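The values are calculated or read from the model by the stated rules, or taken from the named source; none is laboratory data. Values in this document were obtained by computation on a predicted structure and should not be read as measured data. Here the Cβ positions follow ideal geometry from the backbone for every residue, glycine too, while neighbour counts run over all protein chains shown.
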Amino acid sequence: MPAVLAVFAHPDDIEFRAAGTLLLLRDRGWDVHYSNLSNGDLGSAALSRTVTAKTRAHEAQASCRSMGFQWHPPIASDLCIFYTEANIRRVAALVRSVQPTVVLTHPPLDYMEDHTETCRIVVTAAFSRGMPNYLSIPARKPTLQPLTLYHSLPHGLQGPLRQPVRPELFVNTASVHSRKRTALSAHASQKEWLDVSQGIESYLIALDEGDTQVGQWSGHFAQAEGWTRHLHLGFGAESDNPLQEALGTSLCRPAPRPKATQRRRALG
């Protein structure tokens, strides 16, 4: 059974950016692993850090159960996800244990450093998976199994300097959008926090609007998630694209070419 490992920063990041793709793979028999590196302990305007972390762990586990995923516990606190030797070794152990064909994570640049640092940690941990002299925490046997690492779209669908970001691939999540929405609703503590901290009227509405926007960009789908492959060097073959192979063209399409490029090709 092929496995996919999603490693994102906070509880609910996976639901926002990746759950649709993961559900589609799960429906096709894939083993799905869900990891948020932070316990989310700063995600409340009313609860203590300890209570917030426990609440968010329960919510993340409920979300995982609703989708049939395997949950892995966090290794850090909010704003404490740093590119350190210990964190890399811990994530390396997870990669070696799961032996995924696909790894999903944040883009290299996002609106907050927890996301960016998570991406850096995941890339290095995945790169080191087959190095026998690199010891993970806890120790796990190295694996040389090829994997393809995909980066999600950033939150807000733009980079930290407001530059537009478009993906390489669009995954049609319309058929699983309601399940994705139900999973996100398990993170009930975040509605109040996002309303207070970021002025988001409803995180469920934000999910609907974001996925609809990405679907419009695809030119084909009502709702979609966007993905861009990491450079293949150190991971697998240049042509490897297991998402496309697993989901097929009806559910996974490359980004449409810009019209100017299409005209130039037509003119020869």
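Residues are listed down the side, and each one gets a yes or a no for (1) under 28 Å from Ala57 (Cβ atoms); (2) small (Gly, Ala, Ser):
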| residue | (1), (2) |
| --- | --- |
| Pro142 | no, no |
| Leu149 | yes, no |
| Arg166 | no, no |
| Ala174 | no, yes |
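Do we find that Val91 is assigned to a helix (DSSP H, G or I), among the hydrophobic types (A, V, I, L, M, F, W, C) and crowded, with 22+ Cβ neighbours inside 10 Å in this structure?
Taking the combined requirement at face value, the residue satisfies it.
For region 130-152, indicate whether the set of residues that are in contact with a Lys or Arg (Cβ under 8 Å, 6 or more places away or on another chain), closer than 30 Å to Trp217 by Cβ, among the β-branched types (Val, Ile, Thr) and touching a residue at least 40 places away in the same chain (Cβ under 8 Å) is non-empty.
Within region 130-152, one or more residues are in contact with a Lys or Arg (Cβ under 8 Å, 6 or more places away or on another chain), closer than 30 Å to Trp217 by Cβ, among the β-branched types (Val, Ile, Thr) and touching a residue at least 40 places away in the same chain (Cβ under 8 Å).
For region 1-38, how many residues meet the condition of being touching a strand residue (DSSP E or B) at 6+ places or on another chain (Cβ under 7 Å) and either at pLDDT below 95 or under 25 Å from Thr84 (Cβ atoms) (or both)?
18
Checking the structure you have, find out if any residue of region 171-185 is buried (at least 18 other Cβ atoms within 10 Å of the Cβ), touching a Phe, Trp or Tyr at 6+ places or on another chain (Cβ under 8 Å) and among the β-branched types (Val, Ile, Thr).
Checked against the condition, which is being buried (at least 18 other Cβ atoms within 10 Å of the Cβ), touching a Phe, Trp or Tyr at 6+ places or on another chain (Cβ under 8 Å) and among the β-branched types (Val, Ile, Thr), region 171-185 yields at least one hit.
Can you name every residue in region 204-239 that is surrounded by fewer than 21 Cβ atoms within 10 Å (Cβ to Cβ) and among the small types (Gly, Ala, Ser)?
Ala206, Gly210, Gly219, Ala222, Gly234, Gly236, Ala237, Ser239
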